[in-house]
Amino acid sequence: MTDLKGELSEWFGGPIGHVHMRPDAVGSEHHHAEDVRFSIDGFLRYLERFSGAQTYSVIDTDHPYTGLLYRDISATLTPESLPAIREEVSAAHLARIRELQSRPELNGHVYSGIEVDIVSPGGELLVTDDVLSQLDLVICSLHYTFYSKATDLRSRTERLTTAELVSAYMHAVSNLHVDVLGHPTRDIGRSNKDSAYLSEWLPLIDLMKQKGTAYELNFAHFASLREVPDFDKALITQAALRGVHFFLGLDFHNASEFGLKTSGSVITPENADQAFSAHTEKVHLQFLLKLMRVIRLLESLGITPAQVVNSSDIRFKEWLATRISA
């Protein structure tokens with residue numbers, strides 16, 4: 001989005017991060033209107049139309065199990081089935097990487113990546129290190145539903161304690177392939193946030209600084225909240241004070257989050273113009289309002305674009321170079 005004017009371009013001058021896209025035009029047979037997805041090509045078309053830029057890029061960071069055509073692996077996920085499922089989703093994501101690599105026209109426009117689940121207290125990830133090592137960017141996140149099934153946490157009535165969550169995060173970011181910790185506070189209960197002492201999180205923040213791991217500023221999470229909890233604000237502020245890098249992630253899964261309403265299961269270059277033609281200005285306005293609301297939050301916390309690794313192409317490439325050489 002390098003041609004956007006003013007402050008928006010200062011934040012979004014680099015690759016757009018954490019967008020969930022289909023690698024092709026194949027859609028789910030059980031889609032709903034609110035589940036319309038972008039194909040990778042369709043999203044590039046959206047960036048072109050939205051920004052008016054000739055140079056733009058996106059980081060392909062879908063869940064690895066999307067390659068299984070939305071088969072609900074969580075339905076059969078247990079500690080016993082985890083090893084086999086891990087191999088299956090790893091193979092599916094490797095096939096996705098190979099598909100992207102087979103398309104030279106995407107070079108410079110699409111970075112290969114993943115949002116991979118943390119599935120054990122020891123920070124084990126749902127995808128093998130061999131596959132993760134072949135990606136440009138790895139976001140690791142804890143999604144409570146997956147984690148609880150993979151660890152059999154369902155036998156407990158309470159959610160993860162702060163100590164358990166922070167420990168799992170610290171193990172995960174110690175993986176040399178992990179570049180970004182995704183939405184760190186999203187999947188802890190509000191009661192845990194209210195009772196969590198900031199000091200319990202500081203060892204994680206210090207480890208992220210040491211490892212060069214970026215802290216995701218998750219737009220979908222912040223935009224969904226009427227008011228961002230004080231704990232979230234305090235943790236972001238501490239991360240900034242301690243020199244941790246930040247990563248801007250949209251975490252948008254479907255077209256409705258961009259203000260688009262369209263039929264079909266996937267937006268492709270072929271149907272993109274039809275999808276965008278209705279209420280184009282309104283579409284752009286809804287998206288812009290979401291972006292600006294979160295930007296205002298970050299500004300109120302003293303965060304600047306210079307602290308965000310994907311706010312410009314140069315910053316992103318320089319940061320990736322430090323990750324590769326680390």
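Computed from the coordinates by the stated procedures, all read-outs in this text should not be read as laboratory data. Treat the numbers as computed from the prediction; the structure is a model and nothing was measured. Note that we place each Cβ from the backbone using ideal geometry, even for glycine, and neighbour counts take in every protein chain shown.
Assorted remarks:
- Full-extension gain in nm, Asp152 to Leu8, via 0.36 nm per residue minus C-alpha separation: 47.5 nm
- Electrostatic bookkeeping for Val166 treats Lys and Arg as +1 and Asp and Glu as -1; over the other residues with beta carbon under 12 Å from its beta carbon, the sum is -3.
- Legend: ranking of residues Glu299, Glu124, Glu227 from fewest to most surrounding C-beta atoms inside 10 Å; resulting order Glu227, Glu299, Glu124.
- Net lengthening on full extension, Ser120/Glu299 (0.36 nm per residue, minus Cα-Cα): 60.9 nm
- Taking 0.36 nm per residue of separation and subtracting the Cα-Cα distance, full extension of the segment from Thr76 to Leu225 would add 50.5 nm.
- A Förster radius of 25 Å, combined with the Cβ-Cβ distance separating Lys233 from Lys317, puts the computed FRET efficiency at roughly 0.25.
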